[in-house]
Each structure stands twice: as structure tokens, then as C-alpha cells.
Amino acid sequence: MTAAEAAKIMMSGGEGGKVKPITITENGTYNVSDAEKAEGYVGFAPVTVDVQAAANIQPLTVVEPGVYNASDYGCDGFDPVNVSDKYKKLYEQALGIGDSIDTGITDPDGNEIVLDNAIETDWDIVKCITLNEGSAAITCPSTGLQLKLFVHYSDPQVLTDGNTYVTKYLGATMTNLTTGQTVTYDNILRGGYQIKVTEKLSVWFTVENYQIKANGQYFQFYPGRVWRNGELWGGAESWWNSFFEEFNSATVGIPNGFVSPVYFQAVYA
């Protein structure tokens, strides 16, 4: 008996009989079938094992643009992937084809208030508002409070240097939609920002934060920021870069301010 014949007998589990190759792709117990035994098979050789480990697949919810790597989440892939339609809605709003939303708020005359070209979002969107031109409005269906921020200018005037200047302001209107009570501030910052007409788009306003007064009675902004050519006007600690404390929701009889969700509207100039 040759060495090869002896090896085949050992792999088959005894003397005589045939062996056949097998490839294992799943975990389990593999025996010679009765049909194979009838054909004279008593074992398997060679045995090739190719069992793939189960992939670690996790669900993923995407709410911000970016690149998402499975390795960063400790998995092999994502399924299902749920993508927020927030940016799609903002894009549609910018095109002027946003949703019409019934706020559920009734005005003093008993009419339902419907907002055109609006999206539903979280109150924290106020911290994302940057205004160069146009306006932005936030309406809270829970409290009936509406805040509208708007940019406007003084009449142009020619100064001694021969250039034409305007003063740029950030104004605001707060309205109690249920009672109709409203207050408008032509300028909610501490000053106006005089610039050449040809450079008026170099100045813009942002809302970086907000706070509730210490006694919890009303909402107010703090701080507001004024930017020119990408830099804070007068520096980060400038007196100019803050809102008037008197500007708050209590002035229209709504001490609670805003509660999420809210409806956001914008006019893009």
C-alpha cells in the first residue's frame, strides 16, 4: 500500500471506500448521505472551509450633509439609511415653493392663520439665522408668538468724501397672533452701521444665541452679532454687538417665548 493510499484511508475513516471533495460555506455538521454511501463514498477529501463571518449592519439616520463611514460607527455597513428631508425643504422654500402650513392658531377675528412657503423645524433654528437682506420669521403654534427679523436701510446721503452712504439696521417685530398685540423695533441692536451703498452687502447680521431671563419670565436674544467682510464689527466684545434687553416676548403678553416645534419662513432678497 502506498503512502497516498494510506492517507486516503485515514481521511475516509477506515479501509476501502471512496472520498469526495467538499466546500463548507456555512457552519454545521456534515455527514456522508445515504445516497453517497450507496455510491461507495465514506468521507470527504479535500475539505475546503470558506465560512464568511456575518456582517454587522446597523441602521443610520442622516440629518446633516457629509461623508458617513461604517468603520466610524463600528460596523460593516448601514441598512436602512433614513435621510432627513430638512435640506430639501429649505431648498424648496428658497425657490418659493415651500409648504402652506395651517398653524392651528386663530386670530382675533376667528380666522385660522395659514403660513405660506414655510417649513416645520426646531426652535434652535434661530441660532442659524444669518441676514444680509430680506427677512426671516419664526412662528410658534404652541404659544401663538411670531418673531420676524428684517433688514432695512436709511435714506442714502452723500457725505463730504463724495461717496453715497446708507445706514443698515436689523429690525424686528414680535406679534401675539392670538390677540393681535404687536411691537416693532426698527433697530434691535445698539446702533446703525453706516456703509457705502456700493458695499452694503458686506455687512450682515447673525443670531448666535438666545436666553431666558433669570426669572424665567420671557425670551430675549443674547448676543446678536454684526459682521463686516467676515469680521465682527468692532470686535467680539464690542458694545455694538448685542441686542437691547428690552426686546423680549413679554412685551406682547407671551412670557413663555417659543416652544419647539416652530414654523420657519424666509424672504430671500
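So, in region 144-158, of the ones that are under 30 Å from the mean Cα position of the chain (by Cα) and in a strand (DSSP E or B), which residue ends up nearest to G257 (Cα to Cα)?
Narrowing region 144-158 to residues under 30 Å from the mean Cα position of the chain (by Cα): 144-152.
Narrowing further to those that are in a strand (DSSP E or B): 145-152.
On the way: L145: 7, Q146: 9, L147: 10, K148: 13, L149: 15, F150: 19, V151: 22, H152: 25 Å.
Residue satisfying both the conditions and the ranking: L145.
Criterion applied to D116, D161, D102, D124 was being farther than 30 Å from V67 by Cβ, not in a strand (DSSP E or B) and not small (G, A, S), and the one residue passing it is D161.
For every residue, the table says whether it meets (1) open to solvent by 90 Å² or more (accessible area, probe 1.4 Å); (2) touching a Cys at 6+ places or on another chain (Cβ under 7 Å); (3) part of a strand (DSSP E or B).
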{"site": "A54", "(1), (2), (3)": "yes, no, no"}
{"site": "E64", "(1), (2), (3)": "no, no, no"}
{"site": "Y68", "(1), (2), (3)": "no, no, no"}
{"site": "D72", "(1), (2), (3)": "yes, no, no"}
{"site": "C75", "(1), (2), (3)": "no, no, no"}
{"site": "D79", "(1), (2), (3)": "yes, no, yes"}
{"site": "L90", "(1), (2), (3)": "no, no, no"}
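Residues that are out of contact with any Asp or Glu (no Cβ under 9 Å at 6 or more places or on another chain), over 22 Å from D102 (Cβ atoms), open to solvent by less than 30 Å² (accessible area, probe 1.4 Å) and not hydrophobic (A, V, I, L, M, F, W, C): does region 139-159 have at least one? For region 139-159, residues out of contact with any Asp or Glu (no Cβ under 9 Å at 6 or more places or on another chain), over 22 Å from D102 (Cβ atoms), open to solvent by less than 30 Å² (accessible area, probe 1.4 Å) and not hydrophobic (A, V, I, L, M, F, W, C): absent. Candidates in region 188-202 are the residues that are at pLDDT below 80 and not aliphatic (A, V, I, L, M); of these, the one that is surrounded by the most Cβ atoms within 10 Å (Cβ to Cβ) is Y193. Scanning region 92-121 for residues that are over 17 Å from L177 (Cα atoms) and surrounded by 13 or more Cβ atoms within 10 Å (Cβ to Cβ) gives E92, Q93, G98, D99, N117, I119, E120, T121.
The values are calculated or read from the model by the stated rules, or taken from the named source; none is laboratory data. On a predicted model such as this, the values are computed, not experimentally measured, just so you know. When we count neighbours, we look across all protein chains shown, and the Cβ atoms used for this are built from the backbone with ideal geometry, even at glycine. These accessible areas exclude ligands, DNA and RNA; they are computed on the full protein's heavy atoms, side chains included. Shrake-Rupley method; radii C 1.70, N 1.55, O 1.52, S 1.80 Å.
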